[in-house]
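Notes for the one structure printed next.
The values are calculated or read from the model by the stated rules, or taken from the named source; none is laboratory data. Please read these numbers as outputs of a predicted model, since none were measured by experiment. Virtual Cβ from ideal backbone geometry, glycine too; neighbours counted across all protein chains shown. The area values use the complete protein model at the heavy-atom level, side chains included, leaving out ligands, DNA and RNA. Shrake-Rupley method; radii C 1.70, N 1.55, O 1.52, S 1.80 Å.
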Amino acid sequence: MNRRQFISTTAKGSIALTMGMHLLACKSSIMKSMKYDPIAICTWGFVSANAAAGKALASGMTALDAAIVGVAVEEEDIRNTTVGKGGAPDREGNVTLDASVMDQYGNCGAVVCVENYTNVAALAKKVMTETPHVMLAGEGAQEFAEKQGFKKEELFTENSKKEYREWLKTAEYKPIINIENHDTIGMICRDGNGDISGACTTSGLSYKMKGRVGDSPIIGAGLFIDNEVGGAAATGMGEEIMKSVGSFLIVELMRNGMSPQDACEEAVMRTIRKNPGFKDFQVAYVAMNKKGETGSYCIHKGFAMMEYRDGVNSRIDTASYLKD
């Protein structure tokens, strides 16, 4: 190659490289400026909670903060005996709460066995943002809540006390499907930037053993987010959900090309195939991928998913493996 050809070839390569870098910069700028329709989904028929999250997203709130706003509605509703204040106690008469959160960057926080503080999803976020840890438990979590300015209050309501006294007459531990073991609100949100985050909060199974912790605060079991793929949340018998790390499984199945619906179905089927006693408990999942497609599935009928989309908050009755 002579000198003239070398200069010409080098110049062309430089121009092509510059143009390529310019196109990549333009694509990145376009992606950053794109706006996405806000979407919120949650377990069960928590209409007000999902509506609150949807409205928060529509106002420009981030996905994680909107999810925390949404689940707080149920944490503060004393009529809900499976989440937050008013939750059913353990066998010793202690109301203990668990929660987890996960954001679009993969950061997460969780609290377990928390007494006397209602908004444990917000507390889980504080663990994520204000400590070097992922999870705080019991007295440590409560001391942290006090230092962070959370309001201390009695969680054991008069109605829960009345039901607990009635339960003590037999003290039979047999969770009723879709009642005592529909113990969680798990929520997945996608905000206007297209980022996905989630929150999961519960008072756990009614009349559980003291110290029992289920799937809800366990990252990968009760909740998992990967912002490149999507997110999933679980509800039902936590012991079974933890065995399959169900929410993580769903996100990985979506990563490998499954739709949210197919991924939820496969996660439920994993439990069914491995546990011959599956008819005795409920397991259910909700999921959303990066494109905003959603899905849900359960073992027993009676489970539903709420979905906020285009300003409309809809209840979606979920397909189940068992029809009766």
Residues of region 83-124 satisfying the condition of being part of a loop (DSSP other than H, G, I, E, B) and closer than 20 Å to ILE219 by Cα:
VAL83, GLY84, THR96, ASP103, GLN104, TYR105, GLY106, ASN107, ASN119
Per the list (1) open to solvent by 20 Å² or more (accessible area, probe 1.4 Å); (2) more than 25 Å from ASP37 (Cβ to Cβ), residue check on SER206 breaks on (1)
Given (1) closer than 30 Å to THR157 by Cβ; (2) outside any strand (DSSP E or B), where does VAL251 come up short, assuming only one miss?
(1)
With respect to GLU163, determine if the residue is surrounded by fewer than 17 Cβ atoms within 10 Å (Cβ to Cβ) and touching a residue at least 40 places away in the same chain (Cβ under 8 Å).
yes
Specify which of the listed residues (GLY93, GLY109, GLY86) is more than 10 Å from THR202 (Cα to Cα) and within 15 Å of the chain's Cα centre (by Cα).
GLY109
Just for region 263-275: of the residues that are in contact (Cβ under 8 Å) with a residue 24 or more places away in the chain and within 15 Å of ALA233 (Cα to Cα), which one is most open to solvent (accessible area, probe 1.4 Å)?
GLU265
Which of the residues belonging to region 284-297 are in contact (Cβ under 8 Å) with a residue 60 or more places away in the chain, buried (at least 19 other Cβ atoms within 10 Å of the Cβ) and touching a Gly at 6+ places or on another chain (Cβ under 7 Å)?
ALA284, VAL286, ALA287, MET288, ASN289
Restricting attention to region 254-289, the residues that are closer than 25 Å to GLY106 by Cβ and part of a helix (DSSP H, G or I) number exactly 10
Could you tell me how many of the residues in region 35-50 are small (Gly, Ala, Ser) and either open to solvent by 20 Å² or more (accessible area, probe 1.4 Å) or touching a Pro at 6+ places or on another chain (Cβ under 7 Å) (or both)?
2
All-but-one check, THR201 against (1) in a strand (DSSP E or B); (2) without any contact (Cβ under 8 Å) to a residue 12 or more places away in the chain, failing number (2)
Considering only region 74-85, state which residues are open to solvent by less than 50 Å² (accessible area, probe 1.4 Å) and either hydrophobic (A, V, I, L, M, F, W, C) or touching a strand residue (DSSP E or B) at 6+ places or on another chain (Cβ under 7 Å) (or both).
GLU74, GLU75, THR82, VAL83, GLY84
Given (1) under 30 Å from GLY295 (Cα atoms); (2) out of contact with any Ser or Thr (no Cβ under 9 Å at 6 or more places or on another chain), identify the lone condition not met by ALA121.
(2)
